Amino acid sequence: MAAPPPGSVPVLKRRSENRVLEDVKKVALKHCDGLVKEFVDCTKAHTLSVVWACRSQQRALNECLGTITRDEAVLNRAREEFAAKFPMEVLRWTPAEDSPAT
């Protein structure tokens, strides 16, 4: 396969895209490890009231995870790394959203 055009992002097969998303989720969980522990500790101390009692910890955790899992730059970098390892999983290359138009 030829080298990808500069400023482009790989479009992966569905299975590969899911694998990339799972890898990004793992990275996000490691990044937010302290908040995960706080949330888990809170849930251990409550049963039915966990929804209300641990709301602030859950929101903080979701915000932390979202900063990574919703960041297109992080996702595109993960896709590019995956495409470099497994070029046969690339369906096509598309221009990146944030790249300047040429």
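The values are calculated or read from the model by the stated rules, or taken from the named source; none is laboratory data. Bear in mind that the values here come from a model prediction, so they are computed numbers and not experimental data. So basically every Cβ, Gly included, is an ideal-geometry build from the backbone, and we count neighbours across all protein chains shown.
Could you run through the stretch 45-82 and say how many residues are within 30 Å of T94 (Cβ to Cβ), surrounded by 14 or more Cβ atoms within 10 Å (Cβ to Cβ) and of a type in the set (V, I, T)?
Number satisfying all stated conditions: 3.
Can you list residue pairs whose Cβ atoms sit under 6 Å apart, with the first residue in the stretch 78-96 being farther than 15 Å from P6 by Cβ and at pLDDT 95 or above and the second being of a type in the set (V, I, T) and not in a strand (DSSP E or B)? Count only pairs 6 or more apart in sequence or on different chains.
Between residues of the stretch 78-96 that are farther than 15 Å from P6 by Cβ and at pLDDT 95 or above and residues that are of a type in the set (V, I, T) and not in a strand (DSSP E or B), the close pairs are A78/V20; A78/V24; R79/V20; F82/V20.
Which residues, taken from the stretch 5-44, are among the aliphatic types (A, V, I, L, M), over 17 Å from E72 (Cβ atoms) and surrounded by fewer than 16 Cβ atoms within 10 Å (Cβ to Cβ)? Steps first, please.
Pass one, the stretch 5-44, residues among the aliphatic types (A, V, I, L, M): 9, 11-12, 20-21, 24, 27-29, 35-36, 40.
Next, from what is left, pick out any that are over 17 Å from E72 (Cβ atoms): 29, 35-36, 40.
If the condition is that a residue be among the aliphatic types (A, V, I, L, M), over 17 Å from E72 (Cβ atoms) and surrounded by fewer than 16 Cβ atoms within 10 Å (Cβ to Cβ), then V40 is the only one that fits.
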